[in-house]
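Read through the structure below, which is laid out as structure tokens, and then see the notes.
Since every read-out is calculated from the coordinates, none of them should be taken as a lab result. Just so it is clear, the model here is predicted, and its values are computed rather than measured. Cβ placement follows ideal geometry from the backbone for every residue including glycine, while neighbour counts extend to all protein chains displayed.
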Amino acid sequence: IVTLAIESSCDETSAAILKDGRQVLSNIVATQIEEHKKFGGVVPEVASRRHIENVQQVVQEALDSANMTFSDIDIVGVTYGAGLVGALLVGLSAAKAISFSLGVPLVGVNHIEGHICANFIAHKELEPPFMCLVVSGGHTHLVEVKDYGKYEILGQTRDDAAGEAFDKIARAIGLGYPGGSKIDRAAKLGDKQAIDFPRAYLEKDSYDFSFSGLKSAALNYLNSKKMKNEEIVIEDIAASYQEAIVDVLVEKSVRACKGKGLKTLVLAGGVAANSRLREKLEQNAAENGIDVKYPPIDLCTDNAAMIGCAAYYDYKNGRVSGLDLNAVPNLKIGKHMG
Ligand code: ATP
Ligand code: MG
Ligand code: FE
């Protein structure tokens, strides 16, 4: 089965061609990061316009670099949520047009399920069941992947997502957007014990997360330093702040694996690129006999290949969408709405 997949939920326009769900023949990503940098974050209206300008060319490039034409396509997979509604609609409209004109099935994909499926591409031997920590710009979830296309959410953030927490403090200390990778880099030169930032573990058995208290603590720290006219060391703030986020992510995901008796822990989403998270999780998991897997960085951040993989398994599970499929900005994991 040859899948054409399209992703446009945020600030990346992407198209990919896959064979049998896990073999990526092409994965073209047109990122708008430079464009949104000057605003300090993604501007939804700008994102939609750029998607419109880019989508056709990105799809054509995906076909070209896979050495294929439209007539080779068996199914069209597309992100229909979660994401920015105007951005989603561009990819969705393109996918519908292609599906309709070729007379091939349309498969609407949940973006976060796509992030999880990036691991099936990166690790050919990986099979459910396993535990997945989804940490992206807008989501922080602990998900038990029971089978292909079968997800159970064990916990999630009650306020900010992990990526959001990275981005907001990066902006406050002048590292700019997108902040996660910049904090990661600065932290390598800093002392992670320099500042004792709070860790929110919540109730004893909870798998939920909360990062807004940590964010406030960091902003208060910055303000008080400024008022006292004291020098701040950006590298130390980055390292201490990153450590606070990583500590909670590691504790909860290892505990979730133990609680469910799972021996494989998989990372997904943009924050899975964080080097300290990978390092600490691997160390902690190994002590508990748990194997940690994560995708390479280009499959951690938004891309259409991961959407194509999710579409393949949705299709095999009989989930095909109608041409009336709509964008669902707040689509939840495991809920199919079309
Ligand atoms: P969502 O998938 O929830 O809709 P998104 O698609 O915007 O949101 P992703 O593209 O998965 O999110 O990831 C982007 C996020 O990953 C940003 O918040 C960015 O700061 C973060 N990120 C990227 N690299 C790193 C890193 N090395 N360390 C920490 N965070 C990182
Ligand atoms: Mg992005
Ligand atoms: Fe994403």
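Per-structure values
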item	result
Distance between segment 127-198 and segment 301-322 - C-alpha centres, whole angstrom	24 Å
Relative contact order computed over the chain (Cα-Cα under 8 Å; 6+ residues apart), in percent	25 percent
Estimated dipole of the chain in Debye, rounded to 20 [Cβ of Lys and Arg +1, of Asp and Glu -1, Cα centre]	460 debye
Residue (of Val134, Ile121, Leu102) at the positive-pole extreme of segment 100-251, dipole from beta-carbon charges	Leu102
Computed magnitude of the charge dipole of segment 117-256 (debye, nearest 20; Cβ of K, R +1, Cβ of D, E -1)	340 debye
Packing-based order for 87-96, 48-57, 242-251, 264-273, using average beta carbon neighbours within 10 Å, highest first	264-273, 87-96, 242-251, 48-57
Local net charge near Gln193, Cβ-Cβ under 10 Å (Lys/Arg +1, Asp/Glu -1)	-3
Sorted peptide list for 117-127, 213-223, criterion being average Cβ within 10 angstrom, highest first	117-127, 213-223
Rounded, prolate or oblate (a/c below 1.5 giving rounded, otherwise prolate when a/b exceeds b/c) for segment 83-147 by Cα gyration tensor	oblate
Fully extended contour minus Cα-Cα distance, from His123 to Met337, at 0.36 nm per residue	74.2 nm
Distance from segment 212-241 to segment 28-91 (C-alpha centre basis), Å	37 Å
Positive-end extreme of charge dipole, the chain - chosen from Ile290, Val271, Ile28 (charges on Cβ)	Ile290
Helix axis angle, 212-227 relative to the chain longest principal axis, alpha carbon, degrees	50 degrees
Gain on full stretching of the segment that runs from Leu323 to Arg199 - 0.36 nm per residue minus C-alpha separation	40.1 nm
Straight-distance crosslink candidates among aspartates and glutamates, where the alpha carbon sits under 20 Å from Lys37 and sequence neighbours closer than 8 are dropped	Asp11, Glu12, Glu45, Glu53, Glu164, Asp167, Asp184, Asp298, Asp302
0 to 90° range, to nearest 10: angle between helix 44-65 axis and the chain longest Cα axis	60 degrees
Per residue, the convex hull volume that the Cα atoms of segment 1-156 enclose (Å³)	110 Å³
Helix 304-316 vs. the chain, principal-axis angle (Cα, 0 to 90°, nearest 10)	60 degrees
Residues Met68, Met131, Met227 arranged by fewest to most Cβ contacts within 10 Å	Met227, Met68, Met131
Where only alpha carbons of segment 201-301 are counted, the Rg and the Dmax (Å)	16.0, 51
The chain, Rg to Rh (Cα coordinates; Rh as Kirkwood inverse mean 1/r)	0.99
Subset of Lys146/Lys293; Lys192/Lys258; Lys192/Lys280; Lys252/Lys293; Lys19/Lys263 violating a 21 Å alpha-carbon distance limit	Lys192/Lys258; Lys19/Lys263
